[in-house]
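The values are calculated or read from the model by the stated rules, or taken from the named source; none is laboratory data. Values in this document were obtained by computation on a predicted structure and should not be read as measured data. Glycine also receives a Cβ, built like all others from the backbone with ideal geometry; neighbour counts cover every protein chain displayed.
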Amino acid sequence: MESPLLELHRSLGAKLGDFAGWQMPLEYPAPIGGGTLAEHEAVRETVAIFDVSHLGKISISGTGAKAWVNEIFTNNLEKITSGQAQYSLLCAPNGGVIDDVIIYCKGDDEILIVPNAANSAEVFHILNEQRSLSDAHLKLANLHEDFAVIAVQGPLSSRALAHVGIDVSLEYMSFTEISFEGSTFTLCRTGYSGEHGYELIPPREIAVSLWNTLTRAILALDGKIAGLGARDTLRTEMGYPLHGHELSLDISPLDANLSWAVGWQKKSFSGHEALREQQAKGIERILRGLLLTEKGIPRAGMLVRNSVGAVVGEVTSGTFSPTLKQGIALAFIEAGIEVGEQLLVDVRGRALGAVVVKPPFVPSHVRD
C-alpha cells in the first residue's frame with residue numbers, strides 16, 4: 001500500500017522507511033525539513049506538516065452504530081456526542097491490547113475509527129466478524145487507501161490553516177467537516193505531538209493539492225515539512241504509547257497507565273472480565289517515564305535496575321530529547337516504585353542514573 005503523497009515525498013528528497021508495509025518519510029533535507037531535530041523543533045516553536053496516511057480508516061454506519069462500537073472498545077462513547085472524538089482501546093479476551101484507536105462520532109448511526117497502520121486489517125477483521133455474529137445490518141468499510149491523513153502540528157497551526165482559508169475554532173478532540181476543491185472531509189483537533197494541532201482526512205484524489213497548499217503556508221511561517229522521526233521523538237517526550245512498544249497483546253491498559261481510557265462503569269466490552277480481575281488483584285508493573293541524569297541515550301529493551309543492581313524493569317521506548325537535551329525513556333517498572341525514585345538504566349554496559357517521572361517530559365499544549 002502507498003500513501004497518496006509517496007511520489008511527492010520522493011521528489012522532495014525525503015528519507016523513506018517502512019511502516020507496516022508503507023513507505024513513509026522519516027525526515028526531509030534542508031531547508032524544507034533539516035532532519036529530525038530541526039523538524040521536531042519546528043513543531044515546538046512554529047508549525048510542521050506530517051503525512052500519516054498509513055493510519056487506518058474504518059467506517060461503521062447503520063442504526064445503532066455508536067452503541068454497537070461502545071460494546072466493543074474500552075472507553076465510554078456515551079461521554080461524547082456528534083462532532084467529538086475519543087481515544088480508546090480494542091482489547092483481547094485476556095485484556096491485552098490489540099490496538100489503540102481514535103473514534104470519531106459522526107452521529108448515533110455513523111462512526112469513523114482510525115487505528116494504527118500495522119493493526120488496521122486485524123481491527124477491521126475483528127469488527128467484521130463481530131458484526132456478522134450480532135448486527136448484520138451494520139455496514140463496515142475498510143477505507144485504508146481511500147483517504148490521506150495530514151497532520152498540521154505546532155503553536156502556529158491555526159494560523160497556517162487560516163492562511164489557506166480554513167479558519168476554524170475547535171475544542172481539543174472535536175472535529176468538523178470542511179471543503180477544499182469541491183470535496184468535503186474531516187478536520188479534527190487531534191495529533192500525536194503534544195502541541196496544538198490538527199489532523200485532516202482528505203480523499204486521496206485531492207491529497208497532493210491540499211498538501212502543497214498547506215506546505216506553502218507553513219514554509220511561509222518558518223515552519224517545516226516533518227517526517228515520522230520527529231513524530232516519534234515528540235510522542236516520546238509526551239509519554240504517548242506506541243503499539244508494539246508500550247502496548248501489545250501482552251500489555252493491558254492498566255499496565256500501560258491507561259485506566260482512564262477504560263469505561264469501568266460500562267456493563268461489558270471486549271476483555272472486560274480480564275481487566276476487572278486485574279484491577280481487583282492489582283498490577284505488578286506500570287509504565288513510567290525515566291529522565292536520565294547522566295549523558296546517554298536509552299533504547300528499547302535496555303534493563304532498568306535499582307541501586308543494588310536488581311532488575312526492576314525494562315525500557316520500551318527511548319530517545320534523546322531534542323527539547324530537554326537529555327536522554328528520556330518510557331519503561332515498565334515494578335508497580336511499587338514511586339515517581340521521584342532514583343534508578344539505573346543499563347546503556348550498553350554502563351549503569352546510568354535516571355529519575356522516575358510522570359510524563360509528559362515536556363509540558364503539553366494540546367488543549368491550548
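A few remarks follow.
- Test: residue in region 243-262 that is of a type in the set (Asp, Glu) and surrounded by 19 or more Cβ atoms within 10 Å (Cβ to Cβ): yes
- Counted residues, region 144-181 - those being closer than 12 Å to PRO203 by Cα, touching a residue at least 12 places away in the same chain (Cβ under 8 Å) and among the small types (Gly, Ala, Ser): 1
- Residue satisfying all of: in region 182-219; of a type in the set (Ser, Thr, Tyr) and part of a strand (DSSP E or B); nearest to SER321 (Cα to Cα) among these: TYR198
- Looking only at region 144-168, residues that are buried (at least 17 other Cβ atoms within 10 Å of the Cβ), part of a loop (DSSP other than H, G, I, E, B) and more than 19 Å from the chain's Cα centre (by Cα) come to 2 in all.
- Failed item, numbered, when ASP222 is tested on (1) in the same structural domain as MET24 (by TED's automatic domain parsing); (2) touching a residue at least 60 places away in the same chain (Cβ under 8 Å); (3) more than 23 Å from VAL362 (Cα to Cα): (3)
- Matching option when the condition is within 28 Å of CYS91 (Cβ to Cβ), crowded, with 16+ Cβ neighbours inside 10 Å and not assigned by TED's automatic domain parsing to the domain that holds SER158, among ARG276, ARG367, ARG288: ARG288
- Residue check for ASP346: touching a Leu at 6+ places or on another chain (Cβ under 7 Å), touching a residue at least 40 places away in the same chain (Cβ under 8 Å) and on the phi < 0 side of the Ramachandran plot: yes
- Checked across region 303-320, the condition of being of a type outside the set (D, E, K, R), buried (at least 18 other Cβ atoms within 10 Å of the Cβ) and not in a strand (DSSP E or B) holds for no residue.
- The condition of being among the basic types (Lys, Arg), within 21 Å of the chain's Cα centre (by Cα) and on the phi < 0 side of the Ramachandran plot holds for only one of ARG235, ARG216, that being ARG235.
- Residue within region 58-68 that is surrounded by 18 or more Cβ atoms within 10 Å (Cβ to Cβ), free of Cβ contacts under 8 Å to residues at least 60 places away in the same chain and among the charged types (D, E, K, R) present: yes
- Hey, ALA48 out of contact with any helix residue (DSSP H, G or I) (no Cβ under 7 Å at 6 or more places or on another chain) and either at positive phi or buried (at least 20 other Cβ atoms within 10 Å of the Cβ) (or both) or not: no
Per-residue answers, yes or no, for (1) under 25 Å from HIS243 (Cα atoms); (2) outside any strand (DSSP E or B):
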{"site": "LEU8", "(1), (2)": "no, yes"}
{"site": "GLU41", "(1), (2)": "yes, yes"}
{"site": "SER53", "(1), (2)": "yes, yes"}
{"site": "ALA67", "(1), (2)": "no, yes"}
{"site": "ILE72", "(1), (2)": "yes, yes"}
{"site": "SER82", "(1), (2)": "no, yes"}
{"site": "TYR87", "(1), (2)": "yes, no"}
{"site": "LEU112", "(1), (2)": "yes, no"}
{"site": "SER120", "(1), (2)": "yes, yes"}
